[in-house]
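Heads up: the structure comes next, in structure tokens.
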Amino acid sequence: MNRGRLIVFSAPSGCGKGTMLAEITKNEKFCCSVSATTRDPREGEIPNVSYYYITKEEFLKKVEENAFLEHAQYVDNFYGTYLSEVEPRLEKGINVILEIEVQGAMRVREARPDALLIFVLPPSIAELRRRLNKRGTEEQDVIEKRVAQAKEEIEYAPKYDYVIVNDALEDAVDDFFSIIRAEELKAAKSGELINEVKKDA
Ligand code: 5GP
């Protein structure tokens, strides 16, 4: 059986990453890794589903034990991807998506050169600001901080393998599956497929 593919999926807040991933993971060949974090749960989040919520001490212990594929600090909190979330699924042929920020993505690129890195962009900064405002959950200064953060994160987009603009959800999800298909066909070039085809010649 073919190993699953490790996919890094990064997007600034307000780009619709969560909605895209909900659509993508309806396909049983794709799943999202649940990360560990030291931040408190937000309303509506479910422990062990949204994140594994752990203390800073527990987090640092896990770092020492080499339990993480990557970890990073974001704002005032630590976030990390457990190897145990990733490896068993890849072995079973399932594609594992890491929903992580840019520093972590760059670490995965070094540790796993075969990982596929995808960055989701908003159609424009004006549209991003409009979407963040529409949520209505945040004060104006928090929104402006998120916009500034998004601009910084977008600087990393050229380092990824692909970018997807999330203007219309359905198109963005189609783009994701087109990338996966293209990568499968590229991989077939160096796999058994060519020998199979030549077999009865
Ligand atoms: P939030 O606190 O809003 O859930 O996440 C903040 C940022 O941390 C987001 O960009 C999210 O993608 C990122 N993040 C979540 N889990 C991980 C992880 O395991 N590793 C890294 N490097 N970033 C993560």
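The values are calculated or read from the model by the stated rules, or taken from the named source; none is laboratory data. Treat the numbers as computed from the prediction; the structure is a model and nothing was measured. Cβ placement follows ideal geometry from the backbone for every residue including glycine, while neighbour counts extend to all protein chains displayed. Just so you know, the surface numbers come from the protein's heavy atoms only, side chains and all, with ligands and any DNA or RNA stripped out. Shrake-Rupley method; radii C 1.70, N 1.55, O 1.52, S 1.80 Å.
Checking every one of the GluC sites (Glu not before Pro) in the range 141-190 against DSSP loop status and a limit of 14 other Cβ atoms within 10 Å picks out Glu155. Solvent-accessible area per residue in the chain equals 60 Å², computed with a 1.4 angstrom probe and all protein chains kept.
Evaluating 6.51 cos²θ - 1.76 cosθ + 1.60 at θ = phi - 60° for every residue in the range 156-167, the Karplus couplings come out as 7, 3, x, 7, 7, 6, 9, 10, 10, 8, 8, 9 Hz, glycine and proline recorded as x. Karplus-derived 3J(HN,Hα) values for the range 141-150, using 6.51 cos²θ - 1.76 cosθ + 1.60 with θ = phi - 60°, are 5, 5, 4, 5, 5, 5, 5, 5, 4, 4 Hz; glycine and proline are entered as x.
Computed from the C-beta positions of Glu43 and Ser190, the FRET efficiency with R₀ = 41 Å rounds to 0.30. Considering the chain as a Gaussian network with a 10 Å cut-off on Cα pairs, which listed residue, Lys186, Lys61, Lys29, attains the greatest mean-square fluctuation? It is Lys186. Proximity of backbone amide H atoms, modeled 1.01 Å from N, is registered between Val165 and Leu121 at under 5 Å, excluding neighbours fewer than 5 places apart on the same chain. Label separation (Ala182 vs Ala201): 2.8 nm, computed from points 7 Å beyond Cα along the C-beta direction. The aspartates and glutamates whose alpha-carbon is closer than 17 Å to the alpha-carbon of Lys62, local same-chain residues fewer than 8 away aside, are Glu70, Glu85, Glu87. The radius of gyration of the Cα set in the range 6-198, together with its Dmax, comes out at 17.6, 63 angstrom.
May I ask for the distance between the Cα centers of the range 95-134 and the range 1-33, given as a whole number of Å? With the range 95-134 and the range 1-33 each reduced to a Cα centre, they are spaced 11 Å.
Below 13 angstrom from the Cβ of Glu110, what's the summed charge of the other residues (Lys, Arg +1; Asp, Glu -1)? Mind dumping the intermediate values first?
On the way: positive: Arg107, Arg109, Arg112, Lys159; negative: Glu70, Asp114.
Spelling it out: positives minus negatives among the neighbours equals +2.
Could you tell me which of the pairs Lys17/Lys134; Lys17/Lys145; Lys26/Lys92; Lys17/Lys159; Lys61/Lys159 are separated by over 27 angstrom between their Cα atoms in the structure shown?
Lys61/Lys159
Evaluated with a Cβ-only charge set (Lys, Arg +1; Asp, Glu -1), the chain carries a dipole of roughly 280 debye about its Cα centre, given to the nearest 20.
Between Val142, Val34, Val86, the GNM of the chain built on Cα springs shorter than 10 angstrom shows Val142 fluctuating the most.
Close amide-amide hydrogen proximity is noted between Cys32 and Ile97, each under 5 Å apart and 5 or more residues distant or on a separate chain (H modeled in the peptide plane; Pro and chain starts excluded). Largest mean-square fluctuation among Ser35, Ser190, Ser50, in a Gaussian network model of the chain whose springs join Cα atoms under 10 Å apart, belongs to Ser190.
With a 1.4 Å probe and all protein chains left in place, how much of the accessible area of the range 6-198 comes from carbon and sulfur atoms, in whole percent? Display every interim value, and only then the final one.
Working: 5510 of 11090 Å².
After summing per-atom areas, the C and S share lands at 50 percent.
Residue by residue, the range 17-34 carries 3J(HN,Hα) couplings of 4, x, 5, 4, 5, 4, 5, 4, 7, 5, 7, 5, 7, 10, 9, 9, 6, 8 Hz when phi is fed to the Karplus relation 6.51 cos²θ - 1.76 cosθ + 1.60 (θ = phi - 60°); x denotes Gly or Pro.
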